[in-house]
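Colleague: Would you mind keeping the following structure in view while I ask a few things?
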Amino acid sequence: MAGIDGGRPSIYPTLLYADAKAAIRQLTEAFGFIELSVYEGEDGAVMHAELVQGNGAVMLGSKGTGSVFDSAMKGAGPTGVYVVVDDVDTHHQQAVDHGAEILMPPTDQEYGSRDYMARDIEGNIWSFGTYAPEIAA
């Protein structure tokens, strides 16, 4: 098992999309992720993609590829992912400018974070905020 000594993240939320290419566009344009890698099958389906934000990353791919993961996720509901960002208001405005569905505008939380929440094009819930728990080594 990976330790907590820095370096590569040890947890990667993984999502499947009916239209993974559209999801990649939304995640990069509206939510500011950076495309690290995208691997497509001969039919153009996204077999595996990695998008980064800060020191974290998500993996995603196309539904219907017949992979073991695709089969295991069949019928699964939407997922929720929390992403730490430095400037919630600027990040929120970028999402709004790109037409993201906002579920909660930037809001100061009792525990000291400032967060907003959005839904992606296939129903997954993305929360963006300043709360970043310190994980001691």
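Colleague: Find, among the GluC sites (Glu not before Pro) in region 1-101, those assigned to loop by DSSP (not H, G, I, E, B) with at most 13 other beta-carbon atoms within 10 angstrom.
Modeller: Counting only loop positions with at most 13 other Cβ atoms within 10 Å, the GluC sites (Glu not before Pro) in region 1-101 are GLU42.
Colleague: Please give the helix 88-97 orientation as an angle from the longest Cα principal axis of the chain, in degrees from 0 to 90, rounded to the nearest 10.
Modeller: So the inclination is approximately 50 degrees.
Colleague: Would you calculate the separation in nanometres between label points at ALA132 and ASP87, each defined as 7 Å from the Cα along the Cα-to-beta-carbon direction?
Modeller: Here the modelled spin labels are 1.5 nm apart.
Colleague: Compute the helix-to-body angle for 20-29: its Cα long axis versus the longest principal axis of the chain, expressed 0 to 90° and rounded to tens.
Modeller: Taking Cα atoms only, the helix is inclined about 20 degrees.
Colleague: Kindly sort VAL68, VAL85 by accessible area of their heavy atoms, largest first, with the probe set to 1.4 Å.
Modeller: Heavy-atom accessible area, descending, gives VAL68, VAL85.
Colleague: From the square roots a ≥ b ≥ c of the eigenvalues of the alpha-carbon gyration tensor of region 63-137, which class results: rounded (a/c under 1.5), prolate (a/b over b/c), or oblate?
Modeller: oblate
Colleague: Using DSSP to define loop residues, name the trypsin sites (Lys or Arg not before Pro) in region 1-96 whose beta-carbon has at most 10 other beta-carbon atoms within 10 Å.
Modeller: Counting only loop positions with at most 10 other Cβ atoms within 10 Å, the trypsin sites (Lys or Arg not before Pro) in region 1-96 are LYS74.
Colleague: All other residues with a Cβ under 11 Å from the Cβ of PHE31 taken together, and with Lys, Arg as +1 and Asp, Glu as -1, what is their net charge?
Modeller: -1
Colleague: Another question about this same structure. Placing +1 at every Lys and Arg Cβ and -1 at every Asp and Glu Cβ, with all other atoms neutral, what dipole size does the chain have around its Cα centre, in debye to the nearest 20?
Modeller: 340 debye
Colleague: Where in region 46-137 are there chymotrypsin sites (Phe, Trp or Tyr not before Pro) that are in a DSSP coil and have at most 10 other Cβ atoms within 10 angstrom of their Cβ?
Modeller: Qualifying residues, ordered by number: TYR111.
Colleague: Please report the accessible area of ARG114 (heavy atoms, 1.4 Å probe, ligands and nucleic acids excluded) in Å², nearest 10.
Modeller: 70 Å²
Colleague: Sticking with this one: Along each of the three principal axes of the Cα atoms of the chain, give the extent in whole Å, ordering the values from largest to smallest.
Modeller: Largest to smallest, the principal-axis extents are 46, 39, 26 Å.
Colleague: I would also like to ask the following. Which one of ILE135, LEU103, THR14 is farthest out on the positive end of the charge dipole of the chain, using unit charges on Cβ (Lys, Arg +1; Asp, Glu -1) and the Cα centre as origin?
Modeller: THR14
The values are calculated or read from the model by the stated rules, or taken from the named source; none is laboratory data. Since the model is a prediction, treat every value here as computed from it, not as a measurement. Virtual Cβ from ideal backbone geometry, glycine too; neighbours counted across all protein chains shown. For the accessible areas, the whole protein counts, side chains as well, though only heavy atoms, and no ligand, DNA or RNA atoms are used. Shrake-Rupley method; radii C 1.70, N 1.55, O 1.52, S 1.80 Å.
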